[in-house]
Amino acid sequence: MNSFFYSVALQWRLDIRSKSLLVTCYIVPLIFFLLMGGIFTSVMPEMGNTLIQSMIVMSVSMGAFIGFPPLLIETYGSDIKKIYKANGAPIYLGLVTMYLSAFVHLMISCLVIVLLAPILFKAILPTQLSIFFLSLSLFIIVSLSIGSILGLIVRNPAKLTMITQLVFLPSIMLSGIMFPIHLLPDFLAILGRFFPAYWGYRLMLDHGFHLENLWYLILVFCLAVIACTVLLNKQKLQ
């Protein structure tokens, strides 16, 4: 157990030096928050009630879908995985340590948004912070599980960049964080419900933590665990 925690701590320190994770988990989301937070609250003052949730959906989606999968390619798409086999380490160790490390980085980024939004833009804090952070944790977990699939199934970094954008952009545009969902055509409104961002956003809203917003995230996570298990078993045979 001590070696496992050491592996997680080591991976966390390595991820701090990763330019990809630094840009997608911290720099770009926080710059977007600083720029768009002022614009949103100026154009739509009522946006202050949901600004924190909206910016968090953007931050988590970017980190999980764009920043996290390339880290998996660096390990499972190279000879690094042979080191796990040579030392008798389970093949899933790399995924688990990177997953937990990315979770911590995303949570730190979200905490920065929660702390700064009320000060800079007079955003309203969630009324039940414990429920809010539970919802946030679930949203990060599910988003990273999808990022895990992308990182394990796509071997080519160029293709991965294109595919992650195809997941990230609809997540942001169709989730309701940029503009009310009822302004979208019916087809796009329905399509947006297939992305966890739609449900995660509503789950983090005040009084949004109930089964109606929770069941889809649980379903996606269970399917992602099964998919990752199958993909990791294939890695053993290669």
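Read-outs throughout are calculated quantities, based only on the coordinates presented, and are distinct from any laboratory measurement. The model shown is predicted, which means the values in this text are computed figures rather than measured ones. Because the Cβ atoms are built from the backbone with ideal geometry, glycine has one as well, and the counts that use them run over all protein chains shown.
Observations on the structure shown:
- Under the criterion of Cα pairs below 8 Å and six or more residues apart, the relative contact order for region 2-237 equals 26 percent.
- Using θ = phi - 60° in the Karplus curve 6.51 cos²θ - 1.76 cosθ + 1.60, the 3J(HN,Hα) couplings for region 92-102 round to 7, 4, x, 4, 5, 5, 5, 4, 5, 5, 5 Hz; x is entered for Gly and Pro.
- Least to most buried among Cys228, Cys110, Cys222 (fewest other Cβ within 10 Å first): Cys222, Cys228, Cys110
- Thr161 sits among other residues whose Cβ lies under 15 Å from its own Cβ, and their net charge, with Lys and Arg +1 and Asp and Glu -1, is +2.
- Cα pair count fraction exceeding 24 Å, expressed as % - region 2-237: 45 percent
- Extension gain for Thr127-Phe32 works out to 31.7 nm (0.36 nm per residue, less the C-alpha to C-alpha distance).
- Gain on full extension, evaluated as 0.36 nm per residue between Arg193 and Leu219 minus their Cα-Cα distance, stands at 8.0 nm.
- Compared with the dominant Cα axis of the chain, that is its longest principal axis, helix 28-43 is turned about 10°.
- Potential lengthening of the chain between Asn49 and Leu134 amounts to 28.7 nm, from the contour at 0.36 nm per residue minus the alpha-carbon distance.
- Rg over Rh, two decimals, region 65-197 (C-alpha only, Kirkwood Rh): 1.04
- Dipole size of the chain about its Cα centre, with +1 on Lys/Arg Cβ and -1 on Asp/Glu Cβ: approximately 800 debye, rounded to the nearest 20.
- The label point for Ile91 and the one for Glu74, both projected 7 Å from the Cα toward the Cβ, are 2.2 nm apart.
- Theoretical ellipticity at 222 nm over the chain - DSSP helices of four or more residues, -39500 (n - 2.57) apiece, nearest 500: -24000 deg cm²/dmol
- Rounded, prolate or oblate (a/c below 1.5 giving rounded, otherwise prolate when a/b exceeds b/c) for region 166-223 by Cα gyration tensor: oblate
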